[in-house]
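*Asks:* Here it is, the structure in full.
Where a number appears in this text, it was derived from the coordinates with a stated rule and is not lab data. Worth saying up front: this structure is predicted, and the values here are computed from it rather than measured. Cβ placement follows ideal geometry from the backbone for every residue including glycine, while neighbour counts extend to all protein chains displayed.
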Amino acid sequence: MTDDFYCDEVLSGRTPVRKVIETDTVLAYHHTRPFWPVHIVVIPKQHIDSLLALEEADNALVLDMMAVIRQVAAQVVAEHGACRIQTHLGRYQDSKHLHWHVSAGEPLR
């Protein structure tokens, strides 16, 4: 097992998820262990370590991800009035696969 939950568990289908939006290149789903009442994760379907690993060749994928993040954020804002969008790097990034959190509400923990 690697430290890539998204490839190892989510994209492989080993861990079932509640999908919000899925395209050919991007998946948005409800977090399996939410930190906020509304907690959606957006990931590219191809492995990219982090935001810092993106290359110019990934520009189309970045646009796809941003389009999905925008759609998810618009849904969350429409339903809850606000949202936050985050990605993590270095020791703050538990899974070494680029991912974005779209969340709303106060922390559950």
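*Asks:* Sum up the charges of everything whose Cβ sits under 13 Å from the Cβ of T25, counting Lys and Arg as +1 and Asp and Glu as -1, but leave T25 out.
*Replies:* With Lys, Arg at +1 and Asp, Glu at -1, the net is -3.
*Asks:* Under the 0.36 nm per residue contour assumption, what length would be gained going from the current alpha-carbon distance of A67 and Y92 to full extension?
*Replies:* 6.5 nm
*Asks:* Please identify every one of the GluC sites (Glu not before Pro) in region 1-105 that sits in a loop by DSSP and has no more than 13 other beta carbons within 10 Å of its own beta carbon.
*Replies:* Taking region 1-105 and a limit of 13 other Cβ atoms within 10 Å, the loop GluC sites (Glu not before Pro) found are E55.
*Asks:* Choose one answer from A78, A28, A57: the residue with the largest mean-square fluctuation in a GNM of the chain with alpha-carbon springs under 10 Å.
*Replies:* Greatest mean-square fluctuation among the candidates belongs to A57.
*Asks:* So what is the relative contact order of the chain, in percent, for Cα pairs below 8 Å that sit 6 or more residues apart?
*Replies:* 33 percent
*Asks:* Turning to a different aspect of this structure: Could you work out [θ]222 nm for the chain from helices alone, using -39500 (n - 2.57) per DSSP H run of at least four and dividing by all its residues? Round to the nearest 500 deg cm²/dmol.
*Replies:* Theoretical 222 nm ellipticity from helices: -7000 deg cm²/dmol.
*Asks:* Okay, moving on. What order do you get for D58, D49 when you list them from fewest to most C-beta neighbours inside 10 Å?
*Replies:* Going from sparsest to densest Cβ surroundings: D49, D58.
*Asks:* Over the Cα atoms of region 65-109, what Rg and Dmax result, in angstrom?
*Replies:* 11.8, 33
*Asks:* Same structure, new question: Please report Y29, Y6 as a ranked list, fewest other C-beta atoms within 10 angstrom at the top and most at the bottom.
*Replies:* So the ranking, lowest neighbour count to highest, is Y29, Y6.
*Asks:* Let me ask you something else. Kindly put H99, H80 in sequence by how many other C-beta atoms sit within 10 Å of each C-beta, fewest to most.
*Replies:* H80, H99
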